[in-house]
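Q: Can you read through this structure? Questions will come right after.
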Amino acid sequence: MIGHLAYASGSPCPTFVLDAARLPRDEEALLAHLAEARRYLVDAGGAHVLKIALVEPSVHPMFDLDYRFVQALPGAPDRFDLRGSCGHSILSAVVAASRSGMLPRLVPGARIRVQVLNNGDSVVCEVDRVERDGAGFTVTFVQASPVAFGDLLPAGRPCTTLEADGRRVDVSLVNSANTYAFVDARGLGVPDQAALFTAGDELLGRLESIRGAAADRLGWHREGAFPKIAAVLPSEDGGIAARAVTVPRWHPSIALTGVVCLGTAVRIPGTVPWSIARENGDDTGLIDIATPGGRTAVTAVTTVPGSAGEGALLWATVARKHVTFQGSFVLAPLSHLQFEEVAQCLALSGAA
């Protein structure tokens, strides 16, 4: 089997892309194959590659590509979480699928329609530009039909009080693209954007404890990767400042799915992000998000809550996303030369 590496700017690591048609359909056998593939990566210096995308041409007439995300977990090569998705990984998979011939060659204006098998999301990846080693995209998460705000709140309310480390904290649990727990950083003793972006292990540990409490609330395993968590507060330049956690550390920016989920949460009255956006007068239109890795923006389009009923999500769009293709290699059997090829790809990914 041939594996591919691609890196989406803002992601904590590259994505390892594999052809799903060449892998077992049975989950136990699939995970055994993925564990073996991870061992090859680790031996070649790729222990930091924790995102895996399984792709193949879709048989559904509305989609071009079927995509399944696998989050590899630290600690052992056979630890995985299949619950969620990853927007950066989707874009990496699109580029790799095009380079491998699974999809037509990417050209500006092309729209690749991706069906996310993990959670049923529909994602449209519109190509803005094509370069020698990558491509730029605008990404839209489209709902097949309007999704009522209440259906986006897995805890059943915009704000939920959790207890972590013996302390109570208000958290908004929102499920859009991925499930996130959003918490006001000021309630954790972080006064402003500068303090949020320079916070260290103490705040990271506090957020991990809150994330664990959120997982308990949802009936999920604490040891998994979901729900995700992000601390937010008003940005000093307008919009929202966000600091997110990934596996197993601070995220260098924020996941693409996190941007989508945060943009959606801003539209739902009563959530933590909704309240924070209103402080800066940024609760409508384009939402600007500041992260330690730079700024991004999202537009979440919803129906307006009113006398006819609650609001509903229609779609959310994130622009100016870039992916760099980093190489392909044969997984097994691996000769010494092939190990060198893998190591070269991983050296590039480590520098990204």
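Q: How would you rank 194-206, 234-246, 261-273, highest first, on the average number of other Cβ atoms within 10 Å across their residues? Provide the component values of the computation, followed by the final result.
A: Numbers: 194-206: 14.6, 234-246: 21.2, 261-273: 25.3.
The densest-packed peptide leads the list: 261-273, 234-246, 194-206.
Q: Now for a separate question. For a test of the definition: using alpha carbon positions, the gyration tensor, and the 1.5 limit on a/c, classify segment 151-205 as rounded, prolate or oblate.
A: Taking the square roots of the gyration eigenvalues as a ≥ b ≥ c, segment 151-205 is prolate.
Q: Same structure again: Full-extension gain between D128 and M1, please, as 0.36 nm times their residue separation minus the C-alpha to C-alpha distance.
A: 42.7 nm
Q: Considering the dipole of segment 10-166 built from charges on the beta carbon (Lys and Arg +1, Asp and Glu -1) around the Cα centre, which of C125, V49, G166 is farthest to its positive end?
A: Highest projection toward the positive end goes to C125.
Q: Report the gain in length on full extension from A35 to R167: 0.36 nm times residue separation, minus Cα-Cα distance, nm rounded to one decimal. Please report the intermediate quantities before stating the final value.
A: Details: separation 132, 0.36 × 132 = 47.52 nm, distance 3.82 nm.
Difference between extended and current length: 43.7 nm.
Q: Hey, another quick one. Extension gain T284-Q143, at 0.36 nm per residue separation less the Cα-Cα distance, in nm?
A: Computed gain between T284 and Q143 is 48.8 nm.
Q: Taking the solvent-accessible surface of protein heavy atoms with a 1.4 Å probe, what is the per residue accessible area of the chain in Å²?
A: In whole numbers, the chain has 41 Å² accessible per residue.
Q: Using the alpha-carbon centroid of each, what span in Å lies between segment 108-155 and segment 235-293?
A: The distance from the Cα centre of segment 108-155 to that of segment 235-293 comes to 18 Å.
Q: Now a separate question. Amide H of N118 versus every other amide H placed in the peptide plane: which residues, excluding those fewer than 5 positions away on the same chain, fall under 5 Å?
A: F69
Q: While we're here: Over the chain, what is the relative contact order in percent, taking alpha-carbon pairs closer than 8 angstrom and at least six residues apart?
A: The value is 20 percent.
Q: Right, here's the next one. Taking the Cα centre of each part, how many Å lie between segment 170-217 and segment 12-91?
A: 27
Q: Okay, next question. Which of G189, G75, G311 moves most in a GNM of the chain, Cα contacts under 10 Å?
A: G75
Q: Here's another thing I want to ask about it. Report the trypsin sites (Lys or Arg not before Pro) located in segment 18-85 that are in a DSSP loop and have at most 11 other Cβ atoms inside 10 Å of their Cβ, or state none.
A: R25
Q: Restricting things to alpha carbons, find the Rg to Rh ratio for segment 30-153 using the Kirkwood radius for Rh.
A: My calculation of the ratio gives 1.00.
Q: Here is a follow-up. When the convex hull of the Cα atoms of segment 95-205 is projected onto a plane and the area is averaged over all directions, what value comes out in nm²?
A: Seen from a random direction, the Cα hull of segment 95-205 projects 10.6 nm² on average.
Q: I would also like to ask the following. So how strong a dipole does the chain carry about its Cα centre when Lys and Arg Cβ are +1 and Asp and Glu Cβ are -1, to the nearest 20 debye? Before the final figure, lay out each step's value.
A: On the way: 30 positive and 36 negative charges, 47 e Å.
Result for the chain is approximately 220 debye, rounded to the nearest 20.
Q: Using just the helices of the chain, give the 222 nm mean residue ellipticity in deg cm²/dmol: DSSP H runs with n ≥ 4 each add -39,500 (n - 2.57), and the total is spread over all residues, rounded to 500.
A: Numbers: 7 runs with 91 residues, N = 352.
The helix-only estimate for the chain comes to -8000 deg cm²/dmol at 222 nm.
Q: Sorted by accessible area (1.4 Å probe), largest first, how do S58, S92 line up?
A: If we order S58, S92 from most to least accessible, we get S58, S92.
Q: Show me, for segment 26-40, the HN-Hα J-couplings you get by feeding each phi into the Karplus relation (A = 6.51, B = -1.76, C = 1.60, θ = phi - 60°), rounded to Hz, glycine and proline as x.
A: Karplus values, whole Hz, x for Gly and Pro: 5, 5, 4, 5, 4, 5, 5, 5, 5, 5, 5, 4, 5, 4, 4.
Q: Can you list the equivalent-ellipsoid semi-axes of segment 180-269, largest first and in whole Å, using the square root of 5 times each Cα gyration tensor eigenvalue?
A: 20, 16, 12
Q: Computing the accessible area with a 1.4 Å probe over protein heavy atoms, can you report the carbon and sulfur percentage for the chain? Kindly include the intermediate steps, with their values, before the conclusion.
A: On the way: 7350 of 14470 Å².
In the chain, the share of accessible area belonging to carbon and sulfur is 51 percent.
Q: Under the Kirkwood approximation applied to all pairs of distinct alpha-carbon atoms, what is the hydrodynamic radius of segment 243-290 in Å?
A: 11.4
Q: Among G156, G327, G10, whose Cα sits farthest toward the positive end of the charge dipole of the chain (+1 at Cβ of Lys/Arg, -1 at Cβ of Asp/Glu, about the Cα centre)?
A: So the residue we want is G327.
Q: Stokes-Einstein D for segment 24-103 at 4 °C, 1.567 mPa s, Kirkwood Rh over Cα pairs, in µm²/s?
A: Stokes-Einstein gives a translational diffusion coefficient of 96 µm²/s.
The values are calculated or read from the model by the stated rules, or taken from the named source; none is laboratory data. Small disclaimer: the values here were computed from a predicted structure and weren't measured. Backbone-built Cβ (ideal geometry, glycine too); neighbour counts: all protein chains shown. To get the accessible areas, we keep the full protein, side chains included, count just its heavy atoms, and leave off ligands, DNA and RNA. Shrake-Rupley method; radii C 1.70, N 1.55, O 1.52, S 1.80 Å.
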